[in-house]
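Participant: Below: one structure in structure tokens.
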Amino acid sequence: MWMIYTIGFVVSLGLALGLTPLVKRFAHKVGAVDVPNARKVHTTIMPRLGGLAIFMAFMVTFFLVIPFLPIDLTARELNFIKAFLVGGTITILLGALDDRFDLPAKLKFVVQIATACVVVFGFDIKLEFANIPFHTYASVESWVAIPFTILWIVGVTNAINLIDGLDGLAAGVSAIAIGTIAVMAFLMGNVIVVLISLLLLGSIIGFLYFNFHPAKIFMGDSGALFLGFSLALLSLLGFKQVAIVSFLTPLILIGVPLSDTMFAIVRRWMQKKPIFSPDKGHLHHCLRELGFSHRQTVLIIYAIAAFFGILAVIQSSAAMYNANWVTFVVICVMVFFLQIGAEVIGLIGKTKRPLLDFFARLRMKAGAERGSK
């Protein structure tokens, strides 16, 4: 398997490097370009459709290496592969059409729900077992599992779009999350998830060569939706074969877009603005306002994503041995650093810093006591 993993990763990376310039020319030819506006960072017209290069590199490599797998696939694994390929194809087509024609949000949402339904009802892919923190493994009833799985697929499919605001940001964060999934799947012995993750990782890294600042092409909705869909299936359903599914682990994996969305909702609610109204208060906007360069901002968010990835591996490994105290520690550490980071960066607001103000009052009190002595 190590030979298959290595060859697959290298081939997918090489194909992405070769296909991306071709996709770039194709995007210009068909008019799939991103025009700058007041909310966007780039100042020149940029080709989109970069996700098409990631998808093609992955698909070609997958069909090249799958015949050489030295193991027999179970019916469950075959179903998972079919669901991934069919759902991914529908998603990439939706994203590509949106890159060219700017489809209405309602239409995209309906197609995403339909895609999730194809995965769930067409291939019987749904959450079956859950390891809820501080609880034993339990079977999940269909009336809960089906809507939860559909909601999860649609939600995570859109999650990557939320952080697609700087060159290389969404692709890099996706690569870190998918690399983390590969590590967890390897520890659990899930060969198919490791293979798919490594092929995706190679495709993303090859594309990042052209997408990192200064970008020559954007991955567009085609890339954001496809990678989001991939994360949705790999981060949750890929592990059900060994019943190591925790509601916490996949949430940690998408910690960067998830926390950015959560703070955006709180921020707009406190400012009495519509929750879905766009603003320039997202994580990458705040870091730029603090004086960090484009590349520094992206690298900082990569580091945050890697931190979430490490927490996900720790939590997932602990869940395998029912070490619930580790889960508790992970939750506390994650919440603490999320709140501190949000206050330092200004994700909630420039003056909303309850935890930092509390620590400042403690320091002042301690200083006053030392002075009185």
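Participant: Going Cα to Cα from residue 216, which aspartates and glutamates come in below 17 Å? Please leave out same-chain ones fewer than 8 positions away.
Facilitator: By straight Cα distance, residue 216 reaches 34, 99, 164, 167.
Participant: Which of the residue pairs 126/273; 82/273; 82/106; 29/108; 106/272; 24/273 have a Cα-Cα distance greater than 31 Å in the structure shown?
Facilitator: On the way: 126/273 36 Å; 82/273 43 Å; 82/106 27 Å; 29/108 24 Å; 106/272 25 Å; 24/273 38 Å.
Beyond 31 Å: 126/273; 82/273; 24/273.
Participant: A follow-up question, please. Arranged from highest to lowest average of other beta-carbon atoms within 10 Å per residue, in what order do the peptides 311-318, 178-185 appear? Intermediate results must be reported in sequence, preceding the final value.
Facilitator: Working: 311-318: 21.8, 178-185: 23.4.
The packing order, highest mean first, is 178-185, 311-318.
Participant: Normalising by the residue count of the chain, find the relative contact order in percent from Cα pairs under 8 Å and 6+ residues apart. Present the calculation step by step, with values, prior to reporting the outcome.
Facilitator: Values: 532 pairs, mean separation 79.6, N = 373.
About 21 percent, as a whole number.
Participant: What is the gain in length, in nm to one decimal, between residue 148 and residue 271 on full extension, counting 0.36 nm per residue of separation less the C-alpha to C-alpha distance?
Facilitator: 41.2 nm
Participant: Computed FRET efficiency, Cβ-Cβ of residue 121 and residue 365, R0 56 Å: what is it to the nearest 0.05? Could the numbers behind the result be given before it?
Facilitator: Working: r = 60 Å, r/R0 = 1.08.
That gives a FRET efficiency of 0.40.
Participant: What FRET efficiency comes out for residue 71 versus residue 107 if R0 is 35 angstrom and r is the Cβ-Cβ distance? Round to the nearest 0.05. It would help to have the intermediate numbers written out before the result.
Facilitator: Numbers: r = 41 Å, r/R0 = 1.17.
Rounded to the nearest 0.05, the efficiency is 0.30.
Participant: Going from most exposed to least, what order do 369, 343 have by accessible area with a 1.4 Å probe?
Facilitator: Working: 369 95, 343 5 Å².
My answer, sorted largest first, is 369, 343.
Participant: At 15 Å minimum axial length over the Cα atoms and a Kyte-Doolittle cut of 0.0, report the qualifying DSSP H helices in the chain, or say none.
Facilitator: Values: long enough: 2-30 (40 Å, 1.14); 50-65 (23 Å, 2.35); 75-101 (39 Å, 0.78); 105-117 (18 Å, 1.18); 142-159 (25 Å, 1.49); 169-188 (29 Å, 2.23); 191-211 (30 Å, 2.47); 220-236 (24 Å, 1.46); 255-270 (22 Å, 0.51); 294-320 (39 Å, 1.41); 324-345 (31 Å, 2.03); 354-372 (27 Å, -0.17).
Long hydrophobic helices here: 2-30, 50-65, 75-101, 105-117, 142-159, 169-188, 191-211, 220-236, 255-270, 294-320, 324-345.
Participant: Amide H of residue 34 versus every other amide H placed in the peptide plane: which residues, excluding those fewer than 5 positions away on the same chain, fall under 5 Å?
Facilitator: 46, 48
Participant: Divide by every residue of the chain the summed helix terms, -39500 (n - 2.57) for each DSSP H run of at least 4, and state the resulting mean residue ellipticity at 222 nm, rounded to the nearest 500 deg cm²/dmol. Show your work: numbers first, answer last.
Facilitator: Values: 14 runs with 258 residues, N = 373.
Theoretical 222 nm ellipticity from helices: -23500 deg cm²/dmol.
Participant: Continuing with the same structure: What distance in nm separates the simple spin-label points at residue 45 and residue 89, each placed 7 Å from Cα in the Cβ direction?
Facilitator: Each label point is offset 7 Å from its Cα along the Cβ direction, giving 3.3 nm.
The values are calculated or read from the model by the stated rules, or taken from the named source; none is laboratory data. Remember, it's a predicted structure, so these values are computed and weren't measured experimentally. Ideal geometry is used to build each Cβ from the backbone, glycine not excepted, and the neighbour counts take in all protein chains shown. To get the accessible areas, we keep the full protein, side chains included, count just its heavy atoms, and leave off ligands, DNA and RNA. Shrake-Rupley method; radii C 1.70, N 1.55, O 1.52, S 1.80 Å.
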